[in-house]
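Below is one structure, written out as structure tokens, with a few remarks after it.
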Amino acid sequence: MKVANNPLYSNEVYTLRIDITSDYPFLPPIVRFVDLPIPVHPHIYSNGHICLDILGSAWSPIHNIHSMAVSIQSMLASNTRNERPPDNSSYVSHAPSNPQHALFYYHDDTI
Amino acid sequence: MAASYNDDDDSIYLQESDEEPFEYDDDDDDDDAGESEFLRHDSVGDCDPGSAANPTPSPAATGPSKSLSAYPANNPIDPIDFQVDILIKANQDTDSSLNYIDHTGYKSFTLNSFIYTVLFNAIDDIKSILNIPFNQALLLLVYFNWNTDSLLDNYYNLDIIKNRSFILNLRLNFTSLHNNKISLLKDSKFCSICCNYQSKFYFLPCNHNYFCINCLRKYIKNKILDNLFIINCPELNCPYLFKLSDLNNLFLISKAKKPITLLYLQKIAKSYIQLKKDYSYCPAPDCNSVIQNINPNLTHDHSLFSFSSALLSSIDSKTIQNLNIDLPIFTCYNNHNYCFNCRLESHFPCPCYISKLWVNKCKDDSETANWINVNTKECPKCISSIEKNGGCNHMTCYKCFHQFCWICLGPWASHGSSYYQCNRYNEDDSKGARDKKEISKKLLKKYIHFFDRFQTHEISIKQDFKIFKTMEKTINNLQIKTGNSYIDFDFLKDSIQILIQARNVLKWSYCLSYYLTPESNGFLIYEQNQSVFMNSIEDLSKLFEIKEYKQILKRKSNFIENTRFVSDRQKKLIEVVQDGLKTNFLSFKDINTPSGDSSNTKTKTKA
Ligand SMILES: [Zn+2]
Ligand SMILES: [Zn+2]
Ligand SMILES: [Zn+2]
Ligand SMILES: [Zn+2]
Ligand SMILES: [Zn+2]
Ligand SMILES: [Zn+2]
């Protein structure tokens, strides 16, 4: 994935790993960034887990892989803050391997 | 449109005209999987179309305990409420367990009776205060986490943006969006969810008619199983909310064993119970009983998970009440006993917080302790592999007839005289510990020592429980064989119940042993009492290995004597613990006293 028009991510290529479960599309796919670099974003943990509501509670079966990827891309494109989530270090040290098992507080969405 | 929902009709079922029933694959319906062995086999919600179609009030369910006609049916009926009424009647007809039992200090409900009384009364209150339909009141209560005060504060005062959008949308749903009914649509087109051409769709009032019936059903069912009760139309940002009545319509002709409306209400009921301090549901697997605590001095802690292998002995509440200790052990509608305070099984003689520590420790250390082989051991004399199939721990090798103790593998003979050797973990051994590594090794050894005993008795209880469950049959057989009357064998029932209960107390006493300071003055007395208690239990347990019916009658006085002895020893042990903890003759080391553990984070979603 590439992010255009944002100097924070200009020259980098990111890789998403998407696991589709048997309950797809009724339950969201398991999505995380893999391989380095992991984009720096206030909703993306350094282990690649993404805190985004449509990957959890706001998922609708009307979404698909494409619309999901576009959401992530636009989340990156509109970001202006070069930082990790405030709880990054504590989250990463205790995070389950499946991000869906983590109980996210969806961060303020205004960023 | 082949089928339509008809308001004026008696039936809440779709008019099926020429429709062949369409399929709904319900293979993932894990919710009504295997019943607990303790279940009374209630027919929970087998909604029978025949009886549902009959709107005349059926006579209230009758049962041994109070029956209820709690849900008032005399309100002016709006179409949606009308359905709910019929739903209730349908369930009253088929579910004879709509009862509750009044105990002193608490009530035990079945989940369904809880729904039809407590839950529906709460909905009815809001419904009449705000003069809104039943389904609207239900969704409002769900949204406000069943907090009536905050609901009423916010309903007209729309200052909080998040609440405002929900409430306004809800009102919209019960005005214009509500006018059309969900109905079946036969039309071959592309389904936006499964991306296949399908022939059966639903007409949704919001005009998003491109979800095939199977996809829509799966969507809704997934939401409910996920404990999401405010369910929007799958189209992004569509304000349409599915109501209880919609669920009924959507799933009418499905082959689901359990009506989805009932599943929906049951899931909502469970979330209600988790939110309210004075309710708790039975931790026994698949039990679904609800207890309402009426004693205001008791609180409880929902954050605690039940012990995975918790076996809640289904024993007369009579026997429980003999244990005069201040643990709130309540008996659920299906006769499981559990601690209302911590939702563990009855854990006499351990205080709640010690039991909680132990259960968490067992969970954490389960891997370390797993190597303990629980069901087979070798005879210490001839090394034959011996499998245990009764509850008794006094073993006799089938090959060499060596008598030994299953728990410590020591010869049984020595258990009579130097009785406490079996229970006792020798702290002296750990005195020599030099470095930290040694200490942690010793600690692990100590833990495994007591955990082994804890687990052994838990397994014994399961095996004794099998005897208990077949007791009626056994007694019937004995009657036939001996010609004696049923009353003559009543002692067997008493004995096995006391045995199971006593074993449970013994089991938990090992948890206590682990945490008690061995140096405290009362510890030796405690251990001695524990050992005498254990021996009394094994003696009684041994009697149940007698299979010869003539012998059983002959040994009747032994049964009665041993049972009484077990009861006495149990009482004594609990007294020793109670007095010891009161007077500091017994104390715990390295334990911070009861703490409100608030480590469980809850999911929050953004608005
Ligand atoms: Zn479909
Ligand atoms: Zn819609
Ligand atoms: Zn129960
Ligand atoms: Zn307790
Ligand atoms: Zn042997
Ligand atoms: Zn022993």
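The values are calculated or read from the model by the stated rules, or taken from the named source; none is laboratory data. These figures come from a predicted structure and were not determined experimentally. A quick note on method: Cβ atoms are made from the backbone with ideal geometry, for glycine too, and the neighbour counts reach across all protein chains shown. Side chains included, ligands, DNA and RNA excluded: accessible areas come from the protein's heavy atoms. Shrake-Rupley method; radii C 1.70, N 1.55, O 1.52, S 1.80 Å.
Just one of the numbered conditions (1) within 14 Å of chain A (Cβ to nearest Cβ); (2) open to solvent by 10 Å² or more (accessible area, probe 1.4 Å) is not true of B:N147: (1). When residues in the stretch B:179-221 are screened for being hydroxyl-bearing (S, T, Y) and either buried (at least 17 other Cβ atoms within 10 Å of the Cβ) or within 16 Å of ligand 4 (Cβ to nearest atom) (or both), 5 of them pass.
Checking B:I115, B:I167 one by one, the residue that is touching a residue at least 60 places away in the same chain (Cβ under 8 Å) and not in a loop (DSSP other than H, G, I, E, B) is B:I115 and no other. Criterion applied to B:K572, B:K542 was being at negative phi and open to solvent by 80 Å² or more (accessible area, probe 1.4 Å), and the one residue passing it is B:K572. You will find that of A:I65, A:I50, A:I30, the residue that is in contact with a His (Cβ under 7 Å, 6 or more places away or on another chain), closer than 26 Å to B:K223 by Cβ and among the aliphatic types (A, V, I, L, M) is A:I50 and no other. Scanning the stretch A:64-76 for residues that are in contact (Cβ under 8 Å) with a residue 24 or more places away in the chain and either small (G, A, S) or at the interface with chain B (Cβ under 10 Å from one of its Cβ atoms) (or both) turns up A:N64, A:A69.
For the stretch A:53-63, check the following and say yes or no: at least one residue is away from chain B (no Cβ under 14 Å) and modelled with pLDDT under 90. No, every residue in the stretch A:53-63 fails to be away from chain B (no Cβ under 14 Å) and modelled with pLDDT under 90. Scanning the stretch B:209-242 for residues that are assigned to a loop (DSSP other than H, G, I, E, B) and within 16 Å of ligand 1 (Cβ to nearest atom) yields B:N209, B:Y210, B:F211, B:C233, B:P234, B:E235. Exactly one residue out of A:S46, A:S90, A:S67, A:S74 is at pLDDT below 85 and among the hydroxyl-bearing types (S, T, Y), and it is A:S90.
Residues that are crowded, with 19+ Cβ neighbours inside 10 Å and more than 14 Å from chain B (Cβ to nearest Cβ) within the stretch A:30-52 comprise A:V31, A:R32, A:F33, A:I38, A:P39, A:H41, A:I44, A:Y45, A:G48, A:H49, A:I50, listed in sequence order.
Exactly one residue out of B:F174, B:F229, B:F242 is without any contact (Cβ under 8 Å) to a residue 60 or more places away in the chain, more than 13 Å from ligand 2 (Cβ to nearest atom), open to solvent by less than 30 Å² (accessible area, probe 1.4 Å) and closer than 22 Å to B:L141 by Cα: that is B:F174. The number of residues in the stretch A:84-100 that are open to solvent by 80 Å² or more (accessible area, probe 1.4 Å) and in a loop (DSSP other than H, G, I, E, B) comes to 2.
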